[in-house]
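Student: The structure follows.
The values are calculated or read from the model by the stated rules, or taken from the named source; none is laboratory data. Fair warning: this is a prediction, and the values are worked out from it, not measured in the lab. Note that we place each Cβ from the backbone using ideal geometry, even for glycine, and neighbour counts take in every protein chain shown.
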Amino acid sequence: MENKIEYKILDDKIIVYFYGELSCSNVVKYRSLLNSILDKGNGSVYFDFSHTSFIDSSGIGLVLGRYNQLVNDHRKLFLANLTKTSYKVFELSGMFELMDYVEGVKE
């Protein structure tokens, strides 16, 4: 599976879809791309991981950095559709104490 990001803007929310791996090999590229995507709206942001096969600590750091960016703008970040393994990684890292998890994103 190709590593890429796609997004949709629906009403006041942005849905970001991650494909493939979210790891140290692509986090630098994704960081600037996500910054420009998040600047396109003022509402909540949903990160959808339904097409993500692997997330390492760099990926967790990327998500945490975007969370901090959104909190500074008084916006919310939601995580959606994590695999069982990825869910456990986010849970152990304490991410769910900062942001909410949703089973799906209603478009």
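Student: Go through the range 56-83 and give me each residue that's assigned to a helix (DSSP H, G or I), farther than 16 Å from Val45 by Cβ and of a type in the set (Val, Ile, Thr).
Tutor: Listed by number, the list holds a single entry, Ile60.
Student: Any idea which residue in the range 3-12 is surrounded by the most Cβ atoms within 10 Å (Cβ to Cβ), counting only those that are modelled with pLDDT under 95 and among the charged types (D, E, K, R)?
Tutor: Among residues in the range 3-12 that are modelled with pLDDT under 95 and among the charged types (D, E, K, R), the one surrounded by the most Cβ atoms within 10 Å (Cβ to Cβ) is Asp12.
Student: If you take the residues of the range 94-107 that are in a loop (DSSP other than H, G, I, E, B) and surrounded by fewer than 16 Cβ atoms within 10 Å (Cβ to Cβ), which of them is modelled with the lowest pLDDT? Reasoning before the result, please.
Tutor: Just the residues of the range 94-107 that are in a loop (DSSP other than H, G, I, E, B), to begin with: 94, 98-99, 103-107.
Filter once more, so that each one left must be surrounded by fewer than 16 Cβ atoms within 10 Å (Cβ to Cβ): 94, 98, 103-104, 106-107.
Details: Gly94: 93, Leu98: 94, Glu103: 86, Gly104: 79, Lys106: 67, Glu107: 57.
The extreme case among them is Glu107.
Student: Pairs only if they're at least six apart or on different chains, beta carbon under 7 angstrom, first in the range 63-86 and modelled with pLDDT of 95 or more, second among the basic types (Lys, Arg) and not in a helix (DSSP H, G or I); list them, first residue then second.
Tutor: Between residues of the range 63-86 that are modelled with pLDDT of 95 or more and residues that are among the basic types (Lys, Arg) and not in a helix (DSSP H, G or I), the close pairs are Leu70/Lys76.
Student: In the range 39-59, which residue that is surrounded by 19 or more Cβ atoms within 10 Å (Cβ to Cβ) and over 20 Å from Met1 (Cα atoms) is farthest from the chain's Cα centre (by Cα)?
Tutor: For the range 39-59, the residue satisfying everything is Val45.
Student: Considering the range 65-92 alone, what residues qualify as being closer than 21 Å to Asp12 by Cβ and loosely packed, with under 14 Cβ neighbours inside 10 Å?
Tutor: Asn68, Val71, Asn72, Asp73, His74
Student: Can you pull out the residues in the range 9-43 that are outside any helix (DSSP H, G or I), in contact with a strand residue (DSSP E or B) (Cβ under 9 Å, 6 or more places away or on another chain) and of a type in the set (Ser, Thr, Tyr)?
Tutor: Within the range 9-43, Tyr17, Tyr19, Ser23 qualify.
Student: Select from the range 13-26 the residues that are among the hydrophobic types (A, V, I, L, M, F, W, C) and either without any contact (Cβ under 8 Å) to a residue 24 or more places away in the chain or buried (at least 19 other Cβ atoms within 10 Å of the Cβ) (or both) and list them in ascending order.
Tutor: If the condition is that a residue be among the hydrophobic types (A, V, I, L, M, F, W, C) and either without any contact (Cβ under 8 Å) to a residue 24 or more places away in the chain or buried (at least 19 other Cβ atoms within 10 Å of the Cβ) (or both), then Ile14, Ile15, Val16, Phe18, Leu22 are the ones that fit.
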